[in-house]
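The next block holds one structure in the form of structure tokens; read it before the comments.
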């Protein structure tokens, strides 16, 4: 943790760890599927690959993306998939945090990473229950981890994200086929529902 830590930072970190254990690890009645809210958290914690940091002010996400990639390069494939970094931002304004995540996501996805925003008023709906709010946390934070094949539903809405996803996970597909698939998924009104159904 850079720049030392104060009692308020400790309280924020403690609250985030409690939320991760009590909300992300178990299932939830409103989730819309069986299993934990986040399938990766418990395994990440067990392998000591669940890292937290606290910052005040606007973080340098470009530097953080490079730093995370350097950490990941030191791990084997299995550990790399579980490497989770939560940047706890106690002072962050939710609206500004949403905007910061949207702006950063292009570069993160292109680099093979996911970045998600969590805060008390986050209105992003769940994939299996649109009335469930899985990204609500007691303290504002950004979560960073590897981009995984199961992340396809999170790529919709931006053609560049789909391009990056298929370039990474479907390299055997001819570029023309990948392009057609990206266009079709990006423009299909029922694309999320189709992927959700396929996941069951």
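The values are calculated or read from the model by the stated rules, or taken from the named source; none is laboratory data. Please read all numbers here as calculations on a predicted model, not as lab measurements. Using ideal geometry, Cβ is built from the backbone for each residue, glycine included, and neighbour counts are taken over all protein chains shown.
Taking the conditions (1) modelled with pLDDT under 95; (2) on the phi > 0 side of the Ramachandran plot in turn, residue 48 satisfies each one other than (1). Exactly one residue among 78, 167 is part of a helix (DSSP H, G or I), without any contact (Cβ under 8 Å) to a residue 12 or more places away in the chain and loosely packed, with under 14 Cβ neighbours inside 10 Å, and that residue is 78.
Quick one: is residue 12 surrounded by fewer than 17 Cβ atoms within 10 Å (Cβ to Cβ) and more than 20 Å from residue 145 (Cα to Cα)? Give the steps one after another, and end with the answer.
Working: surrounded by fewer than 17 Cβ atoms within 10 Å (Cβ to Cβ): no; more than 20 Å from residue 145 (Cα to Cα): yes.
Criteria not met by residue 12.
Would segment 170-181 turn up any residue that is in contact with a helix residue (DSSP H, G or I) (Cβ under 8 Å, 6 or more places away or on another chain) and modelled with pLDDT of 85 or more? No; the residues of segment 170-181 include none that is in contact with a helix residue (DSSP H, G or I) (Cβ under 8 Å, 6 or more places away or on another chain) and modelled with pLDDT of 85 or more.
Residue-wise test of (1) buried (at least 18 other Cβ atoms within 10 Å of the Cβ); (2) within 19 Å of residue 20 (Cα to Cα).
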| site | (1), (2) |
| --- | --- |
| 46 | no, yes |
| 56 | no, no |
| 61 | yes, no |
| 97 | yes, no |
| 106 | no, no |
| 122 | yes, yes |
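Within segment 108-124, the set of residues being farther than 22 Å from residue 82 by Cβ and either in contact with a helix residue (DSSP H, G or I) (Cβ under 8 Å, 6 or more places away or on another chain) or in a helix (DSSP H, G or I) (or both) comprises 119, 120, 121, 122. Quick check on residue 99: is it assigned to a helix (DSSP H, G or I), in contact with a helix residue (DSSP H, G or I) (Cβ under 6 Å, 6 or more places away or on another chain), within 26 Å of residue 52 (Cα to Cα) and at pLDDT 85 or above? Considered against the rule, which asks whether it is assigned to a helix (DSSP H, G or I), in contact with a helix residue (DSSP H, G or I) (Cβ under 6 Å, 6 or more places away or on another chain), within 26 Å of residue 52 (Cα to Cα) and at pLDDT 85 or above, residue 99 comes out as no.
From 91, 73, 163, which residue is over 25 Å from residue 48 (Cβ atoms) and out of contact with any helix residue (DSSP H, G or I) (no Cβ under 7 Å at 6 or more places or on another chain)?
On the way: 73 fails: over 25 Å from residue 48 (Cβ atoms); 163 fails: out of contact with any helix residue (DSSP H, G or I) (no Cβ under 7 Å at 6 or more places or on another chain).
Just a single option satisfies the conditions, and that option is 91.
Candidates 19, 71: the one that is in contact (Cβ under 8 Å) with a residue 12 or more places away in the chain, within 18 Å of the chain's Cα centre (by Cα) and within 13 Å of residue 144 (Cβ to Cβ) is 71.
Every condition in (1) at pLDDT below 95; (2) under 19 Å from the mean Cα position of the chain (by Cα) holds for residue 2 except the one numbered (2). For segment 22-59, the tally of residues that are more than 19 Å from residue 84 (Cα to Cα) and in contact (Cβ under 8 Å) with a residue 12 or more places away in the chain stands at 8. Just one residue in the set 152, 135, 127 is under 22 Å from residue 68 (Cα atoms) and assigned to a loop (DSSP other than H, G, I, E, B); that residue is 135.
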